[in-house]
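The numbers here are math on the coordinates, done by the rules we state, and not lab data. Here the structure is a predicted model, which means the values were calculated and not measured. Reconstructed Cβ throughout: ideal geometry from the backbone, glycine too, with neighbour counts over all protein chains shown.
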Amino acid sequence: MANELNIGKSIGYMKKNFSLISFILRGKRRKSVMVALKEPKIPKEIAKECKISISNVSNTLPELLKKGLAKCKNPKDHYYKYYELTKKGKEVLEQLSL
C-alpha cells in the first residue's frame, strides 16, 4: 500500500477537486470556455470557437478568474486581453477528460 502511494506521487497524481469539477459541469458556458482556453485567446476568439456571444464570454471569464482556473496574460492592456488556463485550470480540465 505504501508503495502504491509513492508511485502515485511520482507520476504526479492529482487529487480530484469535486467542488471545482461540479462548478464547471453546472455551467455549459464554463465548460466550453475552459476547453477553448487550452491555448491563449482573446474573448472574441473564444466566443467564435464556442459559438456563444461575447457578452456570455465576458460573464464567464470573471467566474473562472475568481476560482483561479484562468488568468489574463496581459492585464494592463485595455484591448486584446489574452486569457489562458492556469495550472489549476489545466488539472481540472484533465480530470474532466474534455
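Worth a mention:
- Going from the residue with the fewest nearby Cβ atoms within 10 Å to the one with the most, 65, 93, 25 rank 25, 65, 93.
- Considering only alpha-carbon pairs that sit under 8 angstrom and 6 or more positions apart, the relative contact order computed for the stretch 2-96 is 29 percent.
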